[in-house]
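Asker: Below is one structure. I have some questions about it.
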There are 4 protein chains.
Amino acid sequence: MSRKGLIDDLVSANHILFKEGVVDGFGHVSVRDERDPERFLLSRSIAPATVSPRDVMEFGLDGEPLNPRGRRPYLERFIHSEIYRARPDVVAVVHSHSPALIPFGITGTSLRPVFHMSGFLGQATPIFEIREAGGPATDMLIRDRKLGTALARTLGKAPFALMRGHGSVAVGASLKQVVYRAIYAEVNARLQSEALRLGAITYLNDAEAANAARTNDGVIDRPWGLWKARLKRG
Amino acid sequence: MSRKGLIDDLVSANHILFKEGVVDGFGHVSVRDERDPERFLLSRSIAPATVSPRDVMEFGLDGEPLNPRGRRPYLERFIHSEIYRARPDVVAVVHSHSPALIPFGITGTSLRPVFHMSGFLGQATPIFEIREAGGPATDMLIRDRKLGTALARTLGKAPFALMRGHGSVAVGASLKQVVYRAIYAEVNARLQSEALRLGAITYLNDAEAANAARTNDGVIDRPWGLWKARLKRG
Amino acid sequence: MSRKGLIDDLVSANHILFKEGVVDGFGHVSVRDERDPERFLLSRSIAPATVSPRDVMEFGLDGEPLNPRGRRPYLERFIHSEIYRARPDVVAVVHSHSPALIPFGITGTSLRPVFHMSGFLGQATPIFEIREAGGPATDMLIRDRKLGTALARTLGKAPFALMRGHGSVAVGASLKQVVYRAIYAEVNARLQSEALRLGAITYLNDAEAANAARTNDGVIDRPWGLWKARLKRG
Amino acid sequence: MSRKGLIDDLVSANHILFKEGVVDGFGHVSVRDERDPERFLLSRSIAPATVSPRDVMEFGLDGEPLNPRGRRPYLERFIHSEIYRARPDVVAVVHSHSPALIPFGITGTSLRPVFHMSGFLGQATPIFEIREAGGPATDMLIRDRKLGTALARTLGKAPFALMRGHGSVAVGASLKQVVYRAIYAEVNARLQSEALRLGAITYLNDAEAANAARTNDGVIDRPWGLWKARLKRG
């Protein structure tokens, strides 16, 4: 993909995540630089719905902007940098405060796949407790490398992690995949929360979750096409 | 109805189901060929909201496309083919993952008609458990004739079936009826779920459900007209 | 108000009730004829969102259209006719299946005013059980004068009644008031249902409810103006 | 800021609060006059979504309009005047009936910060019971100085107070801050209510709440910019 194509997709990902209710004025999405895996692209500190190509900055894996030109970076860029450092397989990262997931993080409720669309969640969604690495008096933000490293450690090899009292983080092998995961993790949380009030849930088992995830990865262009089409309609 | 009219209605059904929240990037709707009951019409594998007449393909009751011309069919076309094969009375089929219904399927909660609009549900909504026919390690999809046959068997003579960890299927004697059923089954699930938290529910009895269904079938052009009008407004 | 003005307001009421989520493809609103209290105005049988002035028909208090000119009336016009007959104070009637109210009717949960906006509900919202007047095998509809009379009897002097397994009916001294009541009864149901899950509710007492209702009647042009403005924006 | 700039921001605040679901046909927002702290600006009695600059009136701290020119003020302007009188630190006030907060007030449920976005709530959100100051037969409104004073006393030094059976009030050091608080208090209520059904909640502690509030105050232009951009798109 061309440089321009990658930046356009990153801008689209920002707008899609807003349109689909994953981010509001806050939250961010990044993508690893195709030409240099030690770098990644992330907007300057503005609301995702308002991001345009000229807002996209490049960062090193220390979380510092390479060419800021006066643009202010997100305080929490270390979420991205430390995950890219720890996970060579990760090409894109979404951080959000999407609403259905917050209750799971703050009650320590295990997020598990209730249907095939969220099979990627697998069997164990980790929950990051910032008090363990940052003590009892943080502002909840991943505002330095130490906290980013701790978050990446909690994430481990998982595709998704909850952050207590804050939000969540999704990772993927592409922008399309990470956007899909951020959207359907939120959907899964809504469905699971509702189902828990009806009775005991039969979750996808390990094989069902893994197989469903693989199948959906094969048709990932379908929802991406829809989400892009919805942007054009305004 | 002319061939063109039937295809236009199928396209409208796709768009209505998206607009009314029954399908998202996934899900599909088909209609039996009026001229040949051994054939049915179904879009190629794209998001329902983006379907246009040239995406509509024709299939035989073995689930294979008759004139693919390079167009990729849905993996789950066997939901449609096997139901048309087992149910000569069925003229249209909707498969979706509509959100309020998922919690019923995964908790084994009986979906029952709470008001006259969903009288068609009758007294017993079956739940399809793919593990029975497909074993413990499927990807949850109805991706072959064997699984389609098993689903059709679970559906039996019913107008609607839940699919555990996946979604649901509605059948009808026309596109208008099946769209109505897919929409109001979802509404019924929302209302029933909410009511179960308030107290014991007085459901429609058998006679009320059957009579209400018959009455609503008589005015089915009314909601269809509204749903089509809403498409035009964008 | 001129005849044309009254019909325009009735058309607006239809559109507002759709826009604000009280009616969908079904439901209806009527107004008593200012010049002849033995007559009332009600659309022919179409979706409220699509009503235009030429769809408005006039009915007698027996529920029969005075000048049908081939237009098909709603099956349930007897809801309106029998309430107008029994309640000389009533100038406008809304019948709907608005979603938050259904769970109250089917579980026999008492709908009570939780905040000043719904003070008009007073202390006791009656629930109509069609089995009492119509037996165990109706289609749930108020399709004749006998059932309309029974509904009016259950309503009594109240401004609002729930109908088990069907919907609800609101009455008012004007179109503006009845639209307000239909909208805020639905809001009240949402809030009450949610609050019942948090703990014991302090409802408005009799005096608070009556006083708040009187105050809000004095500013009823304010929400009506907003709802009309929202129609123009589409 | 110029006089015109302040009035434009007040108009925007009215429109944003409607667009984001905090106010409907009712509710209001005011700002203290920059040139004279004994005065404040507040619209005449119309729906917030319809406010334009010429609707903005000026009031003294007794709640009386200084230059009414026939314009009718809100009955509850004493919410604003008495809070400005009691709290010299307050520059802007929002009063609303936003839906997720009503259940907390009527059940006496403590509203507490569940995530960093609502850290400003701190540890104790007071609940105003109008029966204490106004007796058992009010219309629930803050319609005079005595009731306004009582409300201001309940608010104390807090940024937010619930009003039983009525709504809530947010205060801030600027229009941007008070709009942020009104929006995220509502979000917090939704999340807390949902989480209470999942299990015991780990709330932000005092330090986390205070620190997160300070951090978010530093980026308050970001959501404000988004909310304004959303107004333009209609």
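Quick grid of which residues meet (1) in contact with a Lys or Arg (Cβ under 9 Å, 6 or more places away or on another chain); (2) charged (D, E, K, R); (3) open to solvent by 10 Å² or more (accessible area, probe 1.4 Å); (4) within 14 Å of chain C (Cβ to nearest Cβ):
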residue: D:Gly63; (1), (2), (3), (4): yes, no, no, no
residue: D:Asn67; (1), (2), (3), (4): no, no, yes, no
residue: D:Ala92; (1), (2), (3), (4): yes, no, no, no
residue: D:Pro103; (1), (2), (3), (4): yes, no, no, yes
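Asker: Would region D:20-36 turn up any residue that is of a type outside the set (Val, Ile, Thr), buried (at least 21 other Cβ atoms within 10 Å of the Cβ) and free of Cβ contacts under 8 Å to residues at least 40 places away in the same chain?
Answerer: Yes: one or more hits.
Asker: Looking at (1) assigned to a loop (DSSP other than H, G, I, E, B); (2) farther than 17 Å from D:Val178 by Cβ; (3) in contact (Cβ under 8 Å) with a residue 12 or more places away in the chain, can you tell me which one D:Arg69 breaks?
Answerer: D:Arg69 satisfies all of (1) assigned to a loop (DSSP other than H, G, I, E, B); (2) farther than 17 Å from D:Val178 by Cβ; (3) in contact (Cβ under 8 Å) with a residue 12 or more places away in the chain except (3).
Asker: For region D:131-171, which positions are within 14 Å of another protein chain (Cβ to nearest Cβ), closer than 24 Å to D:Ala100 by Cβ and open to solvent by 20 Å² or more (accessible area, probe 1.4 Å)?
Answerer: Within region D:131-171, D:Arg131 is the sole residue that qualifies.
Asker: Please go through region A:89-101 and pick out each residue that is more than 14 Å from the chain's Cα centre (by Cα) and within 17 Å of A:Leu17 (Cα to Cα). Give the derivation first.
Answerer: Our first condition is that a residue be more than 14 Å from the chain's Cα centre (by Cα); within region A:89-101, this holds for A:89, A:100.
Answer for region A:89-101, where residues must be more than 14 Å from the chain's Cα centre (by Cα) and within 17 Å of A:Leu17 (Cα to Cα): just A:Ala100.
Asker: For region B:110-124, how many residues are of a type in the set (S, T, N, Q) and either touching a residue at least 60 places away in the same chain (Cβ under 8 Å) or open to solvent by less than 10 Å² (accessible area, probe 1.4 Å) (or both)?
Answerer: The first filter runs over region B:110-124 and keeps only residues of a type in the set (S, T, N, Q), leaving B:110, B:118, B:123.
Going one step further and asking which of them are either touching a residue at least 60 places away in the same chain (Cβ under 8 Å) or open to solvent by less than 10 Å² (accessible area, probe 1.4 Å) (or both), we end up with B:118, B:123.
Residues in region B:110-124 being of a type in the set (S, T, N, Q) and either touching a residue at least 60 places away in the same chain (Cβ under 8 Å) or open to solvent by less than 10 Å² (accessible area, probe 1.4 Å) (or both): 2 in total.
Asker: Just to be sure I understand, how many residues within region C:188-199 are touching a residue at least 60 places away in the same chain (Cβ under 8 Å) and either touching a helix residue (DSSP H, G or I) at 6+ places or on another chain (Cβ under 7 Å) or of a type in the set (Ser, Thr, Tyr) (or both)?
Answerer: 5
Asker: Can you pull out the residues in region D:111-145 that are at pLDDT 95 or above, out of contact with any Pro (no Cβ under 9 Å at 6 or more places or on another chain) and over 25 Å from C:Ala212 (Cβ atoms)?
Answerer: If the condition is that a residue be at pLDDT 95 or above, out of contact with any Pro (no Cβ under 9 Å at 6 or more places or on another chain) and over 25 Å from C:Ala212 (Cβ atoms), then D:Arg112, D:Pro113, D:Phe115, D:His116, D:Met117, D:Ser118 are the ones that fit.
Asker: Also: Can you name the residue in region C:69-79 that is more than 19 Å from the chain's Cα centre (by Cα) and more than 14 Å from chain B (Cβ to nearest Cβ) and, of all such residues, is least open to solvent (accessible area, probe 1.4 Å)? Steps first, please.
Answerer: Step one: of region C:69-79, the residues more than 19 Å from the chain's Cα centre (by Cα) are C:69-72.
With the extra rule that they be more than 14 Å from chain B (Cβ to nearest Cβ), the set shrinks to C:69-70.
Values: C:Arg69: 164, C:Gly70: 83 Å².
Here the answer is C:Gly70.
Asker: Please specify each residue of region C:37-61 satisfying the condition of being open to solvent by 50 Å² or more (accessible area, probe 1.4 Å), part of a strand (DSSP E or B) and over 28 Å from B:Arg233 (Cα atoms).
Answerer: Quick first cut of region C:37-61, residues open to solvent by 50 Å² or more (accessible area, probe 1.4 Å) only: C:37-39, C:44, C:50, C:53-54.
Of the ones still in play, those that are also part of a strand (DSSP E or B) are C:39, C:44.
Of everything in region C:37-61, just one residue is open to solvent by 50 Å² or more (accessible area, probe 1.4 Å), part of a strand (DSSP E or B) and over 28 Å from B:Arg233 (Cα atoms), namely C:Arg39.
Asker: With respect to C:Glu82, is the statement that it is farther than 15 Å from C:Val179 by Cβ, within 14 Å of the chain's Cα centre (by Cα) and either among the hydroxyl-bearing types (Ser, Thr, Tyr) or not in a loop (DSSP other than H, G, I, E, B) (or both) true? It would help to see each step written out before you state the result.
Answerer: Details: farther than 15 Å from C:Val179 by Cβ: yes; within 14 Å of the chain's Cα centre (by Cα): yes; either among the hydroxyl-bearing types (Ser, Thr, Tyr) or not in a loop (DSSP other than H, G, I, E, B) (or both): yes.
The answer is yes for C:Glu82.
Asker: Residues in region B:117-139 that are of a type outside the set (A, V, I, L, M, F, W, C), within 30 Å of A:Asp206 (Cα to Cα) and part of a loop (DSSP other than H, G, I, E, B): how many?
Answerer: From region B:117-139, those of a type outside the set (A, V, I, L, M, F, W, C) are B:118-119, B:122-123, B:125-126, B:129, B:131-132, B:134-136, B:138-139; that's our starting set.
Add one more test, that the residue is within 30 Å of A:Asp206 (Cα to Cα), and what stays is B:125-126, B:129, B:131-132, B:134-136, B:138-139.
Okay, now just the ones that are also part of a loop (DSSP other than H, G, I, E, B), so B:125-126, B:129, B:135-136, B:138-139.
Here the count works out to 7.
Asker: Identify the residue in region C:172-231 that is outside any helix (DSSP H, G or I) and crowded, with 21+ Cβ neighbours inside 10 Å and, among all such residues, is farthest from the other protein chains (Cβ to nearest Cβ).
Answerer: First, the residues of region C:172-231 that are outside any helix (DSSP H, G or I): C:172-174, C:197-205, C:218-220.
Right, trim to crowded, with 21+ Cβ neighbours inside 10 Å and you get C:172, C:204.
On the way: C:Gly172: 16, C:Leu204: 6 Å.
Filtering region C:172-231 for residues that are outside any helix (DSSP H, G or I) and crowded, with 21+ Cβ neighbours inside 10 Å, the one farthest from the other protein chains (Cβ to nearest Cβ) comes out as C:Gly172.
Asker: Only one of these conditions is not met by C:Thr50: (1) within 14 Å of chain B (Cβ to nearest Cβ); (2) more than 18 Å from C:Ile142 (Cβ to Cβ); (3) in contact (Cβ under 8 Å) with a residue 24 or more places away in the chain. Which number is it?
Answerer: Of the numbered conditions (1) within 14 Å of chain B (Cβ to nearest Cβ); (2) more than 18 Å from C:Ile142 (Cβ to Cβ); (3) in contact (Cβ under 8 Å) with a residue 24 or more places away in the chain, the odd one out for C:Thr50 is (3).
Asker: Considering only residues that are hydrophobic (A, V, I, L, M, F, W, C) and under 17 Å from B:Glu76 (Cα atoms), which ones fall in region B:23-50? Show your work before the answer.
Answerer: So in region B:23-50, the residues hydrophobic (A, V, I, L, M, F, W, C) come out as B:23, B:26, B:29, B:31, B:40-42, B:46-47, B:49.
B:Val23, B:Phe26, B:Val29, B:Val31, B:Phe40, B:Leu41, B:Leu42, B:Ile46, B:Ala47, listed by residue number.
Asker: Confirm whether A:Gly234 is surrounded by fewer than 17 Cβ atoms within 10 Å (Cβ to Cβ), at pLDDT below 95 and more than 7 Å from chain B (Cβ to nearest Cβ).
Answerer: Values: surrounded by fewer than 17 Cβ atoms within 10 Å (Cβ to Cβ): yes; at pLDDT below 95: yes; more than 7 Å from chain B (Cβ to nearest Cβ): yes.
Spelling it out, A:Gly234 is indeed surrounded by fewer than 17 Cβ atoms within 10 Å (Cβ to Cβ), at pLDDT below 95 and more than 7 Å from chain B (Cβ to nearest Cβ).
Asker: Of A:Phe78, A:Phe59, which residue is free of Cβ contacts under 8 Å to residues at least 60 places away in the same chain and on the phi < 0 side of the Ramachandran plot? Full working, then the answer.
Answerer: On the way: A:Phe78 fails: free of Cβ contacts under 8 Å to residues at least 60 places away in the same chain.
A:Phe59 is the lone residue from the list that is free of Cβ contacts under 8 Å to residues at least 60 places away in the same chain and on the phi < 0 side of the Ramachandran plot.
Asker: Could you please find all residues in region D:106-116 being in contact with a Gly (Cβ under 9 Å, 6 or more places away or on another chain) and either within 21 Å of D:Phe18 (Cβ to Cβ) or not in a helix (DSSP H, G or I) (or both)?
Answerer: So the first thing to find is which residues in region D:106-116 are in contact with a Gly (Cβ under 9 Å, 6 or more places away or on another chain), and the list is D:106-109, D:111-116.
Within region D:106-116, D:Gly108, D:Thr109, D:Leu111, D:Arg112, D:Pro113, D:Val114, D:Phe115 qualify.
The values are calculated or read from the model by the stated rules, or taken from the named source; none is laboratory data. Being a predicted model, the structure only gives us computed values, none of them experimental. For neighbour counting, all protein chains shown are included, and Cβ atoms are generated from backbone atoms with ideal geometry for every residue, glycine included. The accessibility values were calculated without ligands, DNA or RNA, using every heavy atom of the protein model including side chains. Shrake-Rupley method; radii C 1.70, N 1.55, O 1.52, S 1.80 Å.
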